[in-house]
Amino acid sequence: MQWSPAYSVKNALLDQQHRRVIRIINHLQDVIARGARPEELESVLLELREHAESHFAAEEAAMARAGYPRLALHQQKHRAMRAEVERRLELARSEGIVPAELAVFVRDWLRKHICKTDRDYVTALQEAGLN
C-alpha cells in the first residue's frame, strides 16, 4: 500500500500519522510473506495498537478543538477499531488467526476510515485553522 494524496486530511500531523499506519501495514504484509510466525504477527499488531492509540487521541483532540459536531460518532468508530485489533491480537496469540485475513482487514479498514470517515472532519479542521 502506498500513500496517496487522496488519503490526505489536510492536517500535517494526522497525515504523517496516517503515513506511519501505511508503513505498519506494509511491514505486516512483509511479515506475512516471510511466513507469519505468531509472535511476529503479535509484534506488528502491538505496534499498530500503540500507534492507533496515539493517532486516535491526536485526531479526537483536533476534532474537539475544531468543534466537530460528529466527534462522538467518530470516537465510536475508533472504539470499534480498538476492539477489533484486541480481538485479532488474541487470535494471533492463540495461533488461530489467518494472516492474509489480517492484512486485508487492516488495509481495508484504513482505506475506508481515511477516505470516508476522516474526510468528514476535514472542513471543520480547516475552518478552525488546524492544518
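The values are calculated or read from the model by the stated rules, or taken from the named source; none is laboratory data. These figures come from a predicted structure and were not determined experimentally. Don't worry about glycine lacking a Cβ; one is built from the backbone with ideal geometry, like all the others, and counts go over all protein chains shown.
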Give 111, 87 a once-over and let me know the one that is within 25 Å of residue 6 (Cβ to Cβ) and surrounded by fewer than 18 Cβ atoms within 10 Å (Cβ to Cβ). 111
Conditions (1) without any contact (Cβ under 8 Å) to a residue 24 or more places away in the chain; (2) of a type outside the set (Asp, Glu); (3) not in a helix (DSSP H, G or I): number failed by residue 27: (3)
Can you name every residue in region 43-80 that is at pLDDT 95 or above, more than 13 Å from residue 118 (Cα to Cα) and in contact with an Asp or Glu (Cβ under 8 Å, 6 or more places away or on another chain)? 66
Could you please give the count of residues in region 84-131 that are of a type in the set (Gly, Ala, Ser), at pLDDT below 90 and either out of contact with any Pro (no Cβ under 9 Å at 6 or more places or on another chain) or farther than 19 Å from residue 24 by Cβ (or both)? 4
Given the residues 66, 62, 52, 36, which is the only one that is crowded, with 17+ Cβ neighbours inside 10 Å and within 14 Å of residue 107 (Cα to Cα)? 52
What are the residues in region 1-11 that are in a helix (DSSP H, G or I) and either among the basic types (Lys, Arg) or modelled with pLDDT of 95 or more (or both), if any? none
Can you report the number of residues in region 11-23 which are in contact (Cβ under 8 Å) with a residue 60 or more places away in the chain and surrounded by 14 or more Cβ atoms within 10 Å (Cβ to Cβ)? 5
Within region 30-59, count every residue that is of a type in the set (A, V, I, L, M, F, W, C) and not in a helix (DSSP H, G or I). 1
Please enumerate the residues belonging to region 3-35 that are polar (S, T, N, Q) and more than 14 Å from the chain's Cα centre (by Cα). 4, 11, 29
